[in-house]
Amino acid sequence: MELPFAESYKIKVVETIKRTTREERIQKIKEAHYNLFNLRSEDVFVDLLTDSGTGAMSDKQWSAMMLGDESYAGASSYYKLKEAIQEITGFEYFLPTHQGRAAENVLFSTMIKAGDIVPGNSHFDTTKGHIEFRKAHAVDCTINEAFHTELDHPFKGNIDLNKLEDVLKKYPRERIPLIMVTITCNSSGGQPVSIENMQAVKKLAEKYGIPVFFDSARFAENAYFIKLREEAYKNWSIRDIVRKMFSYADGMTMSSKKDAIVNMGGFIGFRERELFEKATLYNIMFEGFINYGGMSGRDMNALAQGLYEGTEFDYLETRIKQVAYLGQQLRDYGIPTQYPFGGHAVFIDAKRFLPNLPKEQFIAQTLGVEIYIEGGVRGVEIGTLLADRDPDTRENRYPELELLRLAIPRRVYTNNHMDYVAATVKNVFDRRNEITKGLKIIKEAPILRHFTVTLERME
Ligand code: F0G
């Protein structure tokens, strides 16, 4: 018989997780003011809040940590990381940062001023936050197909070239400091961008003299999808695809907590020395000296090793097949999801799951609360709460998609956990008609409100 697929690793260390009762969970989520970020992780059975910093490091990463060089300047760990970044991404210069948003902070302090326009494909919330904090604007140029969850398209992260060119034509060059391409595009459902699209974006950007940066948190997952879905690259290695992808960028920001499988870390990659030197000032001010920038030597060592492991085909296949394993079960139950499934998460289409709830009642958040109560599974809202208010009008922004994301940590859960999650969601789906009331906001922060918002059930 044909041998079945099996994980490309085995488990060496385990962590106990605890079940709770439904009654306990009703109480816990109430105490958390219906904000999933406020729950204690010990009250969560399967935690799919994020795939960021939640992965399991390998034996090789843990042993690399013991070899960390904690010198302030000139540490061997810094050079090890520099070598790994150069080899994998092709970027000559880099600055270490403590995580992805810190990389955004340093880069944008260097490049963005008030009134600027930053086109891209559904910018991630911290990216958008850092743009708007500087009184600049993020313009979403994602292809329309991304907003139709049932429409099958191999690269729903792609940029619509017409939308992009409209922006580039509309504003003067001085007001567009960069184009930000997010790979994979988290906000549209962990969806990849094709090399063909990257190439076309770069060509257009060159025509208008604007640099292109990649928000690269999940660049390796993006490369895996290219290998599977873009004919020209089916025989290429992941590493070669990665190098090809980055050849269409002038620089990158990285949250290493995702595809580099570390619990903390980030960096900025640059092709040009001049911009790197400008950014160095902000790195030293906000993050630390350029040889460590927010990371300890051991963290840089683990990150260097993680970059190699995260770009191995067998690892990526195991990971992305697990996401699809969960996604397919949900689909088989008739549950509406973003399709094809993303690289890091399954995104449930909450508007179609709960069609009777008005958009003002935070549909995806309501679904997230119900799923927690049902089985102690924690997802995260990618909807109206996250979309925040318009910085000018202060009105709520209602995004086209209300999604509940179930993000799968790397190398952490087994497929039995995925079966458990699928059954939990199915049980909520079976009683969806009884869910007739959503949530309302009691208190919110002026920016990035979803982290700290407090909510109450509608009467
Ligand atoms: N860019 C993307 C595409 C991201 O998904 C994230 C984080 C960041 C930048 C910021 O990186 O967290 O290291 O500061 N995403 C996490 C998530 C938080 O749950 O999707 P960070």
_Can you list residues from other chains, or at least 5 along the same chain, whose modelled amide H is less than 5 Å from the amide H of T182?_
N121, D215
*Convert each backbone phi in segment 300-314 into a coupling constant with the Karplus relation 6.51 cos²θ - 1.76 cosθ + 1.60 (shift: θ = phi - 60°), then list the ³J(HN,Hα) values in order as whole Hz, x for Gly and Pro.*
5, 4, 5, 5, 4, 5, x, 4, 6, 5, x, 10, 8, 4, 4
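Is the C-alpha gyration tensor of segment 91-186 telling us rounded, prolate or oblate? Criteria: a/c under 1.5 is rounded; beyond that, a/b larger than b/c is prolate, otherwise oblate. Write down the numbers at each step before the final one.
On the way: a/c = 2.00, a/b = 1.32, b/c = 1.52.
Oblate shape, in that a/c is at least 1.5 and b/c is the bigger or equal ratio.
How much of the accessible area of segment 243-373, probe 1.4 Å, is carbon plus sulfur, in whole percent?
Working: 2060 of 4150 Å².
Reported share for carbon and sulfur atoms: 50 percent.
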*Given H placed 1.01 Å from N in the peptide plane, which residues other than close sequence neighbours of A138 have an amide H under 5 Å from its amide H?*
V118
_Counting DSSP beta bridges with both ends in the chain, the antiparallel % (nearest 5)_ = 65
*Could you run the Karplus curve 6.51 cos²θ - 1.76 cosθ + 1.60 with θ = phi - 60° over segment 218-235 and give me ³J(HN,Hα) per residue in whole Hz, x for Gly and Pro?*
10, 5, 6, 5, 4, 5, 4, 5, 4, 4, 7, 10, 10, 2, 4, 10, 5, 9
*So, by mean Cβ neighbours within 10 angstrom, what's the order for 69-77, 343-351 with the highest one leading?*
343-351, 69-77
_Over the Cα atoms, compute the radius of gyration (one decimal) and Dmax (the largest Cα-Cα distance, rounded to a whole number) for segment 59-309, in Å._
17.4, 53
*Charges only on Cβ, +1 for Lys and Arg, -1 for Asp and Glu: so what's the dipole of the chain about the Cα centre, in debye to the nearest 20?*
360
_Given the whole protein assembly as supplied and a 1.4 Å probe, what does the accessible area of L406 come to in Å², nearest 10?_
0
_As computed over the chain, the Cα convex hull volume per residue (Å³)_ = 147
*Quick one: what are the phi-derived ³J(HN,Hα) couplings along segment 320-328, Karplus 6.51/-1.76/1.60 with θ = phi - 60°, whole Hz, x for glycine and proline?*
6, 5, 5, 4, 5, 4, 5, x, 5
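May I ask you to give the solvent-accessible area per residue for segment 59-309, in square angstrom, as obtained with a 1.4 angstrom probe?
Using a 1.4 Å probe on heavy atoms only, each residue of segment 59-309 averages 38 Å².
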*How large is the helix-only mean residue ellipticity at 222 nm for the chain, computed as the sum of -39500 (n - 2.57) over DSSP H runs with n ≥ 4, divided by its residue count, in deg cm²/dmol to the nearest 500?*
-12000 deg cm²/dmol
*Highest to lowest packing among 113-122, 209-218, scored as the average C-beta count within 10 Å*: 209-218, 113-122
*Determine how large the accessible area of R352 is when every protein chain is in place; take a 1.4 Å probe and give Å² rounded to the nearest 10.*
110
*Quick one: which residues, 5+ away or cross-chain, put their amide H under 5 Å from the amide H of G266? H built at 1.01 Å from N.*
T97, Q99, S256
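Taking all protein chains as present, what is the carbon and sulfur share of the accessible area of segment 121-227, in % to the nearest whole number, probe 1.4 Å?
Details: 1880 of 3670 Å².
Taking all protein chains in place, segment 121-227 shows 51 percent carbon and sulfur surface.
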_Can you order the peptides 434-441, 52-59 by their average number of other Cβ atoms within 10 Å per residue, highest first?_
52-59, 434-441
_Within segment 427-459: backbone nitrogen closer than 18 Å to the Y398 label point (7 Å, Cα to C-beta)_ = 436-441, 458
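The values are calculated or read from the model by the stated rules, or taken from the named source; none is laboratory data. These figures come from a predicted structure and were not determined experimentally. Don't worry about glycine lacking a Cβ; one is built from the backbone with ideal geometry, like all the others, and counts go over all protein chains shown. In case anyone asks, the SASA skips ligands and DNA or RNA and just uses the protein heavy atoms, side chains included. Shrake-Rupley method; radii C 1.70, N 1.55, O 1.52, S 1.80 Å.
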